[in-house]
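> Below is a structure I'd like to ask you about.
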Amino acid sequence: MSQKGKRPSAEIINPGLAEIDKVRDILFGKYVADFEHRFAELEKRMEADVDTLKERLVKKIESMDDTVGNSIAKLDERLALEKKDRDSELKALQKMLDDAQASLQHSINTMEDQANQDLGVVRKTLESSQQDMLDQMNKAQKELTAMIEKQKDQLESDKVGRQSLALLLDEVALRLRGDDE
């Protein structure tokens with residue numbers, strides 16, 4: 001390690017300093033060269049280790065990327081299957097709802113038809129009952145009219161009988177007066 005390039009100002013200040021460096025080189029030069037050589041080897045080993053670590057790190061990252069990519073692909077597949085299952089279940093539920101709605105509509109239509117038929121039967125029964133009642137009322141009215149006519153005739157005949165009785169009583173009264181007179 002040569003310090004001559006680094007210390008020109010030190011030689012100007014202290015001219016004996018260069019000689020100290022020479023003495024140091026003489027005394028420690030062998031050790032300094034050995035240390036420099038060791039440092040160079042250590043630096044090479046460290047650079048090699050760093051390169052190896054970089055390669056390992058890159059491989060690990062690539063491996064992790066592959067693993068993450070595979071995991072994501074598997075998750076995507078599972079999600080796609082899950083979506084497909086949910087879609088098929090949703091379609092099945094929709095079909096069930098449609099079938100239930102159609103069945104309910106059919107039941108409602110059947111009930112409406114039955115109710116209309118029952119209503120028609122009830123209407124016919126009511127019309128028949130109404131006609132029977134009208135016939136009975138007409139018959140009762142005719143009977144009442146006949147009874148009223150009969151009673152009227154009886155009353156008129158009774159009235160004529162009363163008039164005859166009144167004339168008869170008048171005659172009896174005249175005779176009774178006439179006999180007394």
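> Mind putting a number on the dipole of the chain about its Cα centre? Charges go on the C-beta only, +1 for Lys and Arg and -1 for Asp and Glu, and I need it in Debye to the nearest 20. It would help to have the intermediate numbers written out before the result.
On the way: 30 positive and 39 negative charges, 355 e Å.
Approximately 1700 debye in magnitude.
> Count the lysine pairs in the stretch 69-181 that are 8 or more places apart or on different chains: how many have C-alpha atoms under 17 angstrom apart? Intermediate results must be reported in sequence, preceding the final value.
Numbers: 74/83; 74/84; 83/91; 84/95; 139/150; 142/150; 142/152; 150/159.
Lysine pairs, 8 or more places apart or on different chains, close enough: 8.
> Follow-up question, since we're still on this one. Tell me the net charge near residue 37. Cut-off is 11 Å between Cβ atoms, residue 37 excluded, with +1 for each Lys or Arg and -1 for each Asp or Glu.
Numbers: positive: 30, 38, 44; negative: 34, 36, 41, 43.
Taking every other residue near residue 37 into account, the sum is -1.
> So how far, in whole Å, is the C-alpha centre of the stretch 49-116 from the one of the stretch 126-170?
So the two Cα centres are separated by 94 Å.
> While we're here: So how tilted is helix 17-180 from the main axis of the chain? Cα-based, degrees 0 to 90, rounded to 10.
The two axes meet at around 0 degrees.
> Give the residue from 57, 169, 117 lying farthest towards the positive end of the charge dipole for the chain; charges sit on Cβ (+1 for Lys and Arg, -1 for Asp and Glu) and the dipole is referred to the Cα centre.
Among 57, 169, 117, the one farthest towards the positive end of the dipole of the chain is 57.
> May I pose another question? Subtract the Cα-Cα distance of residue 127 and residue 46 from 0.36 nm times their separation in residues, and report this length gain in nm to one decimal.
Stretched fully, the residue 127-residue 46 segment lengthens by 17.6 nm.
> OK, next. Looking at [x] 44, 41, 30; [y] 90, 41, 22; [z] 216, 43, 18, which value of Cα extents along the principal axes in Å comes from a calculation on the structure shown?
Calculated Cα extents along the principal axes in Å: the matching label is [z].
Each reported figure results from applying straightforward, stated rules to the coordinates on display, with no laboratory input. Being a predicted model, the structure only gives us computed values, none of them experimental. Neighbour counts run over all protein chains shown; Cβ positions are idealised from the backbone, glycine included.
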